[in-house]
Amino acid sequence: MATSPVELPTQASIPDDPAVLRWMYRHLVLIRTFEERVVSLRQSGVLQGSTHLYVGQEAVAVGVCGRLERDDYVASTHRGHGHCIAKGVDVSRMMAELYGRATGTNRGKGGSMHIADTSVGMLGATGIVGSGTPVALGAALSAKLRRTQQVAVAFFGDGAMGQGIVYECLNMAAIWQLPLIFVCENNRYAESTPVEYALSTRDLATRAGPFNVPFAIIDGQDVFAVYAAADAAVERARHGGGPTFIECKTYRYYGHFFGDDPLRYRTREEEEHYRGRDCIRRFEQAVAGQGLLAQAELERIGAEVRETVEQAVRFAEASPLPDPGEVDTDVYTPQRLEV
Amino acid sequence: MAGRQLQFSRAENEALRQEMERDARVFIMGEDVAGGAGRAALGIIDAWGGPMGATKGLIQQFGAERVIDTPICEMSFIGAGVGAALTGMRPVVELLFVNFVGVALDAIMNQAAYLRYMLGGQVSVPLVVKTAIGAVGMAPPNGGGSAAQHSGSIYSIFAHIPGLKCVVPSDAYTAKGLLTAAIRDDDPVVYCTHRRLLTTSCEVPQEPYALPIGKARTVRRGRDVTLVGIGRMTGVCLEAADQLAGEGLQTEVVDLLSVSPLDEDTVLEAVRRTRRLVVVDEDEPRCSVARDVAALVADRAIDYLDAPVKTVTGAHAPVPFSGVLEVAFVPTPERVVAAVHAAMRDEGR
Ligand SMILES: Cc1ncc(C[n+]2csc(CCOP(=O)(O)OP(=O)(O)O)c2C)c(N)n1
Ligand SMILES: [Mg+2]
């Protein structure tokens, strides 16, 4: 039996648990600080390699992952640093991966586009647009078959909505009622192509409706709104209610990749509009207005986060490079003798 | 008068422009081939001009009907390229990185390549799939390249498929000539740009010209050993040849250019004369073009060989990210020289 499409409540109330608020703030700022540090390391030429920055979109990863358990699954995209951090991947090992070091999450083999840590449910970032979604679907199927109550999240961009694979997954998730949450980060662009050119509907989430997948359209720069939508979707998924599709309207502050000048294809006015709705600043204003977290506490968290990121850089720089002989290790799983 | 120097990516751009001028049936389709489409009202119409800049300026000259930005949907727009090619157009479709072939192989193999045969010769599919290959080769210690899904060469997949042609230029001159030839060809051709060649320059004639598909080019004459290179590996062979010259060895270098069809005659002729062969290929070794060439020589020229045939290839692994590992993956002149030494050491065994 398929559920009929219903809109989720999008009324964003601020969670009243200070521990949740502290977690949110810490991770919003940790992603921002980590990414800005990566920018400076790229600018100074210390780091190399393809890098897609998550700055601006932090509220999506934090709002969604804030509602997940450690053993829930996440499949990411090429723009995956934020998802990794929010899911609990150690930033020192992430930084070491960007440095191509043996201590990196992927032992230097994956780099920015493939950071993974399965011990915290991060199944990996992927450079093939749309390809994370069926992987998340498979994890949800696996959770259902193993009767574990785990849920899976597929993060993907507006650009991935061009790929048929996403719709194939919507269909399968619906007919099998899988514990899968589709999170579409609509940041208005796929590379230089604006969403209104590439896609025929303005609200992308409405496309889930015909598949009988409930959907919500969320201000993705409002971490509380994302959290509320994720809350409803996770509850439904965990209790056999099937998939949900959440479209988060958001914006990436930098270019498509480090080095891309976004003003080639978008305007400064548009950038200023979205920067004016910055998720971190709005969080700070909201909690100050309600007297929930003291300014001093926010500052303390900010300072801790800066130290965490500096520690990550020190860890990466002190780490050894992989042995060149590892170029063809890990290709296959070592065979056990009893075949 | 010294010839005009042109960058690789400009040479590709010139080939596209000249063929679009020459033949109204030619059009380009792919992600961000113009970029910023739909923003003309903001004065933005050619923001990217292709992810590597190869299509820059073409939309201004030919308009949005002949330089078409697509959504991200390779299976469909390359499949649509097949349909357009069947019905009187000559599409050039862009598959950004060759590893993305995973999402478009049906259109390329089961449709574009097989159709003519399956339909008993009724049709031709004059489609060009333009794609990027190769590891970027970042120097250690920090960071690396683009990793497994954006660094493959994997043209051996195309060489395996009957009905498909596949060319791999080695410099700006062969880029222009082979892209032109690919567009003029009546069959589907995969055209592979090695990303590390994009910023290299050489002498490139202004006027349109096509290099024959299926024809290798001898770029250095020698009598002691033949090196066969593919794409960027041709330059690696030339560097190795310089080093070998210091040891008194005269090296022949064959630039394969076309991995399908294969120019058997040029390879065999060189091997019969030099009696030694090393094939250099950045692609992974198993079922590779390198080993295909080695098998050809084993089959047709074994009696001429003084030494065993050696291949120098990528590792049997996806391309790694870290600079040290990437450097270990990609063949270098030193590895080529070592392979020549190994072949000569094994002589007569
Ligand atoms: C199958 C495939 N096609 C094309 C690309 C090249 N590419 C990388 S990211 C990207 C745009 C993705 O846009 P979107 O899904 O909106 O994510 P965003 O970059 O905005 O986070 C493209 C076209 C790719 N990586 N994979
Ligand atoms: Mg996007």
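The values are calculated or read from the model by the stated rules, or taken from the named source; none is laboratory data. Owing to the predicted nature of the structure, the values given are computational and were not obtained by experimental measurement. Because the Cβ atoms are built from the backbone with ideal geometry, glycine has one as well, and the counts that use them run over all protein chains shown. Quick note on the areas: whole protein, heavy atoms, side chains included, nothing else; ligands and nucleic acids left out. Shrake-Rupley method; radii C 1.70, N 1.55, O 1.52, S 1.80 Å.
Residues in the range A:233-275 that are buried (at least 23 other Cβ atoms within 10 Å of the Cβ) and more than 20 Å from A:VAL183 (Cβ to Cβ): A:TYR265 alone.
Of the strands (runs of 3 or more DSSP E) contained entirely in the range B:65-165, those carrying at least 1 residues that are in contact with a His (Cβ under 9 Å, 6 or more places away or on another chain) and more than 14 Å from every other protein chain (Cβ to nearest Cβ) fall at B:128-133. For the range B:82-103, filtering for residues that are out of contact with any Cys (no Cβ under 9 Å at 6 or more places or on another chain), away from ligand 2 (no atom under 16 Å from the Cβ) and within 17 Å of B:THR193 (Cβ to Cβ) leaves 8. Is it true that some residue in the range A:73-92 is away from chain B (no Cβ under 14 Å) and over 17 Å from the mean Cα position of the chain (by Cα)? Yes, the range A:73-92 contains at least one residue that is away from chain B (no Cβ under 14 Å) and over 17 Å from the mean Cα position of the chain (by Cα). Residues that are open to solvent by less than 10 Å² (accessible area, probe 1.4 Å) and free of Cβ contacts under 8 Å to residues at least 60 places away in the same chain were ranked within the range B:27-55; the one that is nearest to A:LEU263 (Cα to Cα) is B:ALA47. When you check B:GLU247 against the structure, is it among the acidic types (Asp, Glu) and part of a helix (DSSP H, G or I), yes or no? Against the criterion (among the acidic types (Asp, Glu) and part of a helix (DSSP H, G or I)), B:GLU247 does not qualify. Scanning for something buried (at least 21 other Cβ atoms within 10 Å of the Cβ) and part of a loop (DSSP other than H, G, I, E, B), does the range B:172-184 turn up at least one residue? Within the range B:172-184, not a single residue is buried (at least 21 other Cβ atoms within 10 Å of the Cβ) and part of a loop (DSSP other than H, G, I, E, B). Filtered by the rule that a residue be within 24 Å of A:THR193 (Cβ to Cβ), in contact with a helix residue (DSSP H, G or I) (Cβ under 7 Å, 6 or more places away or on another chain), touching a residue at least 40 places away in the same chain (Cβ under 8 Å) and not hydroxyl-bearing (Ser, Thr, Tyr), the range A:132-146 gives no residues.
Are any of the residues in the range B:319-330 open to solvent by 30 Å² or more (accessible area, probe 1.4 Å), in a loop (DSSP other than H, G, I, E, B) and touching a helix residue (DSSP H, G or I) at 6+ places or on another chain (Cβ under 8 Å)? No: zero hits. Answer yes if at least one residue in the range A:83-95 is within 16 Å of ligand 2 (Cβ to nearest atom) and either open to solvent by 20 Å² or more (accessible area, probe 1.4 Å) or modelled with pLDDT of 95 or more (or both), and no otherwise. Yes, because at least one residue in the range A:83-95 is within 16 Å of ligand 2 (Cβ to nearest atom) and either open to solvent by 20 Å² or more (accessible area, probe 1.4 Å) or modelled with pLDDT of 95 or more (or both).
Looking only at residues in the range B:56-79 that are among the charged types (D, E, K, R) and away from ligand 1 (no atom under 15 Å from the Cβ), the one that is surrounded by the most Cβ atoms within 10 Å (Cβ to Cβ) is B:LYS56. Looking across B:LEU249, B:LEU305, one residue alone is open to solvent by 30 Å² or more (accessible area, probe 1.4 Å), farther than 21 Å from B:ILE133 by Cβ and not assigned by TED's automatic domain parsing to the domain that holds B:GLY145. It is B:LEU305. Restricting B:LEU256, B:LEU262 to residues that are within 17 Å of the chain's Cα centre (by Cα) and open to solvent by 20 Å² or more (accessible area, probe 1.4 Å) narrows the list to B:LEU262. Report whether or not A:VAL60 is more than 15 Å from ligand 2 (Cβ to nearest atom) and among the aliphatic types (A, V, I, L, M). Here the answer is no, as A:VAL60 does not meet what is asked. Screening the range A:129-248 for helices (runs of 4 or more DSSP H) wholly inside it with 2 or more residues that are within 16 Å of ligand 1 (Cβ to nearest atom) returns the ranges A:132-146, A:164-175, A:195-198.
Within the range A:147-176, residues that are facing chain B (nearest Cβ under 10 Å) sit with their Cβ atoms under 7 Å from residues that are of a type in the set (Asp, Glu) and surrounded by 24 or more Cβ atoms within 10 Å (Cβ to Cβ), at 6+ positions apart or across chains, in these pairs: A:GLY157/A:GLU185.
Within the range A:290-339, the set of residues being buried (at least 17 other Cβ atoms within 10 Å of the Cβ), hydrophobic (A, V, I, L, M, F, W, C) and not in a helix (DSSP H, G or I) comprises A:LEU293, A:LEU321.
If B:ALA241 satisfies every condition in (1) within 22 Å of B:GLN7 (Cα to Cα); (2) open to solvent by less than 40 Å² (accessible area, probe 1.4 Å); (3) free of Cβ contacts under 8 Å to residues at least 24 places away in the same chain but one, which is the exception? The failed condition is (1).
Residues considered: B:VAL82, B:VAL103, B:VAL123. Of these, the only one that is buried (at least 21 other Cβ atoms within 10 Å of the Cβ), farther than 30 Å from A:GLY100 by Cα and β-branched (Val, Ile, Thr) is B:VAL82.
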